[in-house]
Structures are given as structure tokens and as C-alpha cells.
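The values are calculated or read from the model by the stated rules, or taken from the named source; none is laboratory data. The structure presented is a predicted model; accordingly, all values stated were derived computationally and were not measured. FYI the Cβ positions are ideal-geometry reconstructions off the backbone, even for glycines, and counts take in every protein chain you see.
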Amino acid sequence: MNLVLPVPTGADAALPGFELDAVRFDAGGRTILSPLTLSFRAGEITGLVGQNGSGKSTLLKLLARQNTPTSGAIRFEDRPLGQWGTRDLARRVAYLPQDPPVGTGLRARELVRLGRYPWHGALGRFTEADAAKAESAMDLTGTLQFADRDVDTLSGGERQRVWLAMLVAQDAGCLLLDEPISALDVAHQIEVLALIRRLGHERSLCVVVVLHDVNMAARFCDRIVALRQGQLVANEPPARFMSAAALASVYDVEMEVLPRPGSAIGVAVPLLSPAETLQGAEAAHHAGTDASGG
């Protein structure tokens, strides 16, 4: 069954999310992000792509208010990001870092229920409605089977899905996800990204997700934002981004974009360098010689 839904149009596509105006971030005496001006809208899944060290995680941390811009301004839902109260922001924005904490000492269900914390606080009463939201989140993410297991005993992929369930239970209007599929096998990568896309469209969420696999980003995201050495080099729909020229400008690798049946979005395949081509030809020659007994 195809879980990928159409791109939202009309009012849903124009709802406010994050707006960045000339946002720059410096650390350790160097510029990590050059001034960026762009927006992330509700009802849209945006994929952040680029080489390691290009500034993807840094940008996500700025949106999550884990870091403060050196200059420029960030607005969320038409309000300066810095003016949001901590609990109010936690109710609207859910952030999954690249390496979620380990050693929680919690069972999976207990961790997922923590997603309801921003709505009650430390002394707030956990209600039946909260329990239902947590169970629904685990059902959606396929983690009910782990509900009574210690999180620390789960595999990396299982643990990642439990953390995602916690974010779903949080009921936020925006999901900030840093490599949420890095520990998953291909089948679960597709399942999780299809779920993220479906939730984003059905609930008009603002979703910003860092992905290393550009083909996965192109398949499941509505828009691609590409960074290179802290600079914005692309901000466009996947069908336009998936070209040999655009990919080479981001990754410094020659790629061929092959057609994918039934889709306007191609598949990127790295081309072999001349040295690799020669090595492959020599290996094929030796294999043929060995097979013929020559």
C-alpha cells in the first residue's frame, strides 16, 4: 500500500512555520552558517541535505532553540523565537537530535509518555487521554511490541522508533528530526519516512528532517534545502533539485540521474572515477583470464 500522500496545496501549504532572516551562526572563531534567509512552512516536509559538516544539524539546533544565532532573526508562527516560553515552545516544537540519550532506565511506554510532559509539567496529572495518545503514537510507529521492554535493551533502530513515538505523542505542530533513519534498515527507513510524510500532511505539521540519503530525501520530502560549507545552495522541489549539476554542486561527486518509472523524480547514481573504472576493467579482465585458465 502506498502511504505517500499528495503535496498540500492552498491554505495548508501557506501556513506559517519558521522564518529565517539573514541568520548566521559562528562558533570557535569561524562561521558555521553564513547568513540564511528562508522559511519552513506548515504542511510541508523539508529535507536538509549536504555533506558532513555543511551545517545541517547546526541549522536544526537553531530552529529547536538549542543554539542562539550570532546574528539575524528567527520567527516561529509569526512570533520571534526567543519570545516563546519554554513550555509553550515544547508544546509546538518537537526535536529529535542525531544521537538521542541512552541509559534512560525507562521502559519504552514510559519514554513515549514523557512526550505528554509539556502539557502538564512535573506535578501535572497524567490522564486517560494522555495514555491514549501515547498508545496511539506507539501503534503508529510500530513500537507497541516493545512497550514493556527497557529502552536500553532495544536495538538502535528500535530505540529510534520509540523516540519518534515520543515526539508523535507530544502532539507538536512542528517536527525537527536529525537523521531519524540512520540506525534503521531499508524497510524501516521507508516505513518511518512514509509515516513522517503522512503525519505531516494529515496534521499540517511543519517537518524539517536531516537526511544523508539524497534519494530518500527526494522521494519523501516536498522540498529540498541543500547546504554546502554553511551556505544555502538549493531550496527547491525534488524534481528540480535532482539534476546532475545540482547534485555535483552539493556533494562534489559526479552523479547520473536515472528515470524512475511512474515518477517525475529521478534516482541519483554516483559515477565511477576514471581510476575506479580502470580498476574495474582490470578486475574483469583478470576474472575472465582465471575462468579460461589462461
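Quickly run through region 142-157 and pick out the residues that are in a loop (DSSP other than H, G, I, E, B) and surrounded by fewer than 23 Cβ atoms within 10 Å (Cβ to Cβ).
Gly142, Ala147, Asp148, Arg149, Leu154, Ser155
So if I check each of Leu199, Leu184, which one is in contact (Cβ under 8 Å) with a residue 40 or more places away in the chain and surrounded by fewer than 24 Cβ atoms within 10 Å (Cβ to Cβ)?
The unique qualifying residue is Leu199.
If you scan region 214-243, which residues turn out to be small (Gly, Ala, Ser) and within 18 Å of Val257 (Cα to Cα)?
Ala217, Ala218, Ala226, Ala234, Ala239, Ser243
Filter region 61-96 for residues that are of a type in the set (A, V, I, L, M, F, W, C) and under 20 Å from the mean Cα position of the chain (by Cα) and give the result.
Result: Leu62, Leu63, Ala64, Ile74, Phe76, Leu89, Ala90, Val93, Ala94, Leu96.
Among all residue pairs at least 6 apart or on different chains, which show Cβ distances below 8 Å where the first residue, located in region 83-101, is in a helix (DSSP H, G or I) and the second is among the hydroxyl-bearing types (Ser, Thr, Tyr)?
Listed by first residue and then by second, the contacts come to Ala90/Tyr117.
Tell me which residues, restricted to region 26-42, are hydrophobic (A, V, I, L, M, F, W, C) and over 30 Å from Ser204 (Cβ atoms).
Across region 26-42, the qualifying residues are Ala27, Ile32.
For Asp99, which of the numbered conditions (1) of a type in the set (Asp, Glu); (2) more than 23 Å from the chain's Cα centre (by Cα); (3) within 30 Å of Phe241 (Cβ to Cβ) fails to hold?
Among (1) of a type in the set (Asp, Glu); (2) more than 23 Å from the chain's Cα centre (by Cα); (3) within 30 Å of Phe241 (Cβ to Cβ), the lone unmet condition for Asp99 is (2).
So that you can scan it fast, the table gives a plain yes or no per residue for (1) more than 17 Å from the chain's Cα centre (by Cα); (2) surrounded by 13 or more Cβ atoms within 10 Å (Cβ to Cβ); (3) outside any helix (DSSP H, G or I); (4) modelled with pLDDT under 90:
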position	(1), (2), (3), (4)
Ala217	no, yes, no, no
Leu227	no, yes, yes, no
Ser249	yes, yes, no, no
Glu256	yes, no, yes, no
Pro261	yes, no, yes, yes
Ala264	yes, no, yes, yes
Ala268	yes, yes, yes, no
Ala275	yes, no, no, yes
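If you scan region 66-77, which residues turn out to be closer than 19 Å to Phe40 by Cα, in a loop (DSSP other than H, G, I, E, B) and in contact with a strand residue (DSSP E or B) (Cβ under 8 Å, 6 or more places away or on another chain)?
Selection gives Gln66, Asn67, Pro69.
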